[in-house]
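K.L.:
This is the structure I have questions about; it appears just below.
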Amino acid sequence: MSTVAENKGYFGEFGGSFVPEELQHVLTILDENFQKFKEDADFNTELNYYFHEYVGRKSPLYFAENLTKQLAGAKIYLKREDLNHTGSHKINNVLGQILLAKRMGANRVIAETGAGQHGVATATACAMFGMDCTIYMGLEDTKRQALNVFRMELLGAKVVAVDKGQGRLKDAVDEAFADLVANYETTFYLLGSAVGPHPFPSMVKHFQSVISRESREQILEKEGKLPTAVLACVGGGSNAIGAFAEFIADKNVRLIGIEPDQAATLNEGTPGELHGFKCLVLQDAEGNPLPTYSIAAGLDYPGAGPEHSHLKTIGRAEYVTVTNEEVLEAFQVLSKVEGIIPALESSHAVAHALKLAPTLTTDEIIIINISGRGDKDVEQVFHMLNK
Ligand SMILES: *Cc1c(COP(=O)(O)O)cnc(C)c1O
């Protein structure tokens, strides 16, 4: 395997592209097309059309008045990505990439999925655009999220259960890259998070930045000032980088990423290489990724996006952990107090907000990115609470 390091796509020392030459060739073409179409007026008009008409954007920035009163600290706003069609932020990136795939002439789309949300979003868009769709999913995750497997099949996708390694998200990513190398002439790999070799982290950020483009405008409209902090959970880092992007230049806005304490890549990881890019990784002495665990399948990944690794290293963003117990509590609190059932992933951000808000003053503001809705997790939580 020859290694090609591209000069592009670096965030400080992180990012880059460390892949076999034949795959590098595919990624270079992808990057050229992305650079071209992201500035293309017709492309952006079409993307905005689907954001509005199909996804239901813009998503509300909702003032959580009850939760704010209960915590008696900062004003809490919820960015409602859970209200998007298919129930999470994933669809933003899927639509961007699928419009790119169409323009590049691909007729087959492949994707990896952890919780099933990215697979469902990809299968949905493939159904609408009439594309052939294959989803790679770890065997363990197909068991944890059996209904999402059926949902993808209903949408016309083929779901491949990956029975290698831990049978989780990381293993599904490995299989998807192997497929891409074998079939790149007809196939577009629609990667679901802000990870992987260049240009994926930049491309996913670009399409997810719609979150903070809207929320920055919305908070200025509602409050006439910027928030003290923006909170988002971090798996690979796509909802978080989308929620942070437009605030990065606002040095007074704290950017806080929340990780599961047993998959705390940005808190406990060290620089390494994973899936063809450099980032902070949970790894052993030989550089093999360590097993991770989270009650939220979507956060169960031993790496994190290169830009998060960089933001952490330069101190621009903070990354904290919460425990499974705190997450379960937050899941129930938001449900009871606001009538909003958040995804277990998003509940990580809510859990930290429950601790942070009371330490702030009542004229400060917190924005929590509610990356997805919790309907998919209700059965799992039922079993956890009743055991
Ligand atoms: C996939 C997913 C995540 C984790 O992925 P990121 O790329 O870190 O955003 C978080 N929340 C929900 C609802 C998801 O579906």
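K.L.:
Please go through segment 107-130 and give me each residue that is over 17 Å from A296 (Cβ atoms) and crowded, with 21+ Cβ neighbours inside 10 Å, ordered by number.
P.N.:
Going residue by residue through segment 107-130, those that are over 17 Å from A296 (Cβ atoms) are 107-111, 122-130.
Within segment 107-130, V109, I110, A111, T122, A123, T124, A125, C126 qualify.
K.L.:
T134 versus (1) more than 16 Å from the ligand (Cβ to nearest atom); (2) among the polar types (S, T, N, Q); (3) over 26 Å from P289 (Cα atoms): which is the lone unmet condition?
P.N.:
In the conditions (1) more than 16 Å from the ligand (Cβ to nearest atom); (2) among the polar types (S, T, N, Q); (3) over 26 Å from P289 (Cα atoms), T134 misses (3) alone.
K.L.:
Could you tell me which of the residues P302, P289, P306 is within 15 Å of the ligand (Cβ to nearest atom), within 23 Å of H198 (Cβ to Cβ) and either surrounded by fewer than 23 Cβ atoms within 10 Å (Cβ to Cβ) or modelled with pLDDT under 90 (or both)?
P.N.:
Details: P289 fails: within 15 Å of the ligand (Cβ to nearest atom); P306 fails: either surrounded by fewer than 23 Cβ atoms within 10 Å (Cβ to Cβ) or modelled with pLDDT under 90 (or both).
Exactly one residue qualifies, and that residue is P302.
K.L.:
Still on this structure, please answer the following. Just to be sure I understand, how many residues within segment 359-378 are loosely packed, with under 13 Cβ neighbours inside 10 Å and away from the ligand (no atom under 16 Å from the Cβ)?
P.N.:
4
K.L.:
If you go through segment 343-357 one residue at a time, do you hit one that is farther than 18 Å from V230 by Cβ and away from the ligand (no atom under 15 Å from the Cβ)?
P.N.:
Pass one, segment 343-357, residues farther than 18 Å from V230 by Cβ: 344.
Remaining after also requiring away from the ligand (no atom under 15 Å from the Cβ): none.
Checking segment 343-357: not a single residue is farther than 18 Å from V230 by Cβ and away from the ligand (no atom under 15 Å from the Cβ).
K.L.:
Which ones in segment 125-160 are under 20 Å from the mean Cα position of the chain (by Cα), assigned to a helix (DSSP H, G or I) and touching a residue at least 40 places away in the same chain (Cβ under 8 Å)?
P.N.:
Those that are under 20 Å from the mean Cα position of the chain (by Cα), assigned to a helix (DSSP H, G or I) and touching a residue at least 40 places away in the same chain (Cβ under 8 Å): D141, R144, N148.
For (1) surrounded by 19 or more Cβ atoms within 10 Å (Cβ to Cβ); (2) within 30 Å of V19 (Cβ to Cβ); (3) within 13 Å of the ligand (Cβ to nearest atom), each residue gets a yes or a no:
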| site | (1), (2), (3) |
| --- | --- |
| D171 | yes, yes, no |
| Y184 | no, yes, no |
| L190 | yes, yes, no |
| V195 | yes, yes, yes |
| E221 | no, no, no |
| K225 | no, no, no |
| N239 | yes, yes, yes |
| A243 | yes, yes, yes |
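The values are calculated or read from the model by the stated rules, or taken from the named source; none is laboratory data. What you are looking at is a predicted structure, and each value in this text was computed from that prediction instead of being measured. Note: ideal-geometry Cβ built from the backbone for every residue, glycine included; neighbour counts use all protein chains shown.
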